Amino acid sequence: MNKLLSISLTWLLIINAALAQTDEEKGLVIAQNVDRHDQGWEDVTASMKMILRNRHGDESTRSIRIKTLEIDDDGDKSLTIFDTPRDVKGTAFLSFSHIVNPDDQWLYLPALKRVKRINSANKSGPFMGSQFAYEDLASFEVGKYRYKYLQDEKLGEHDTFVVENYPQYRHSGYARQIVWIDKQRYIPLQVKYYDRKNDLLKTLIFNNYKQYLGKYWRAHEQVMENHQNGKTTQLTWTNYQFRNGLTKRDFERTSLKRAR
């Protein structure tokens, strides 16, 4: 066969295969690419300021430190420690994300000097008075959702894939999520969350992305707006440090009470 003709037929087969992809298959491939582009960072620590705003514009601010450990064969582990204000100082939240099984999460309340396990059926509730639910704090794992590609769309200056995610976790507070994913970097730029009645509940915006280690993108600002109660939560991230040598021992339940 003529070599040029062979190359042309090969490309035609590739194009036809791409065109034959269902929206569900294409959505899954996009999600897999998002996951693949954010693998290999090992561990990370960061500081975070959480600003809570009510519908009248009143604010309260919390200072937080976060440690996260990448787990290759399961979801990631994270430890969140509150430093201010005084009434929440020392509160610590430990999360073990999983791919298929319900996430394991515990909250240490210093005033009570006890560790409280978060019931798997209650993870749609608000985390520490914020507009983020407990389930929002778990790491992204491809197997947590079913997917459907909706369309390509311009979001600001970015070309994006728009993908619908359907949570597989039966106690999820969401019927679905719509995610705008940057085509070039495979990072989320916006997420819309729909409640169990399929009404729009919240919108999450990611701003001010910066790249670390020449590969990993992290948003330095996230804003979650609740459309049903008029409240917002703004997260401002600083001091990202990767590959600190953290191990699973840094994320044991006993680490909650000694978190400082």
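The values are calculated or read from the model by the stated rules, or taken from the named source; none is laboratory data. Here the structure is a predicted model, which is why all the values come from computation and not from measurement. Don't worry about glycine lacking a Cβ; one is built from the backbone with ideal geometry, like all the others, and counts go over all protein chains shown.
Worth pointing out:
Results for (1) over 17 Å from residue 224 (Cβ atoms); (2) in contact (Cβ under 8 Å) with a residue 40 or more places away in the chain, shown as yes or no for each residue.
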site	(1), (2)
115	yes, yes
120	yes, yes
138	no, yes
144	yes, yes
166	yes, no
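- For the range 127-158, the tally of residues that are crowded, with 17+ Cβ neighbours inside 10 Å and either in contact with a Phe, Trp or Tyr (Cβ under 9 Å, 6 or more places away or on another chain) or not polar (S, T, N, Q) (or both) stands at 15.
- Among the candidates 27, 57, 75, 90, the residue that is assigned to a helix (DSSP H, G or I) and either touching a strand residue (DSSP E or B) at 6+ places or on another chain (Cβ under 6 Å) or not hydroxyl-bearing (Ser, Thr, Tyr) (or both) is uniquely 27.
- Scanning the range 107-126 for residues that are part of a loop (DSSP other than H, G, I, E, B), of a type in the set (A, V, I, L, M) and surrounded by fewer than 16 Cβ atoms within 10 Å (Cβ to Cβ) yields a count of 2.
- A single entry from 201, 150, 109 fulfils the requirement of being more than 22 Å from residue 225 (Cα to Cα), of a type outside the set (Gly, Ala, Ser), out of contact with any Pro (no Cβ under 9 Å at 6 or more places or on another chain) and at pLDDT 95 or above: 150.
- With respect to the conditions (1) within 30 Å of residue 56 (Cβ to Cβ); (2) in contact with a helix residue (DSSP H, G or I) (Cβ under 8 Å, 6 or more places away or on another chain); (3) at pLDDT 95 or above, residue 173 falls short on a single one, namely (3).
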